[in-house]
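Structure, as structure tokens:
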Amino acid sequence: MDEDSVRKRGTWAGQLGGLIVIVALILWFVQMRKARPTCCSDVMRARYEAARTASDTAAVDQRRPVLGQSSDTLTCGTFRRSGRLP
């Protein structure tokens, strides 16, 4: 084997590897766009279904979807009013 054929094979393998990585990233981003966030929306939906009175619903509106979030994050009520809560 001469040095040129080894260099060409290495270049070809590197390009193929890069192409595989790019395709994998594209597929991952497409899948993530289609994926419905389950953790927060399911928890919020369950809280609203459990609310029996208007005061219960108002209490859920004030809650944060994830415990430990800072005060500047969105509340469950914000998600519900914006239509992002299925």
Checklist entry - Working out 0.36 nm times the residue gap between residue 26 and residue 84, then minus their Cα-Cα distance, what length gain in nm do you get to one decimal? => result 18.4 nm
Next on the checklist: If packing is taken as the average number of other Cβ atoms within 10 Å across a peptide's residues, how do 53-61, 11-19, 74-82 rank, most packed first?
Outcome noted: 74-82, 53-61, 11-19
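Here, each number is a calculation from the coordinates, and none is a lab measurement. Here the structure is a predicted model, which is why all the values come from computation and not from measurement. Using ideal geometry, Cβ is built from the backbone for each residue, glycine included, and neighbour counts are taken over all protein chains shown.
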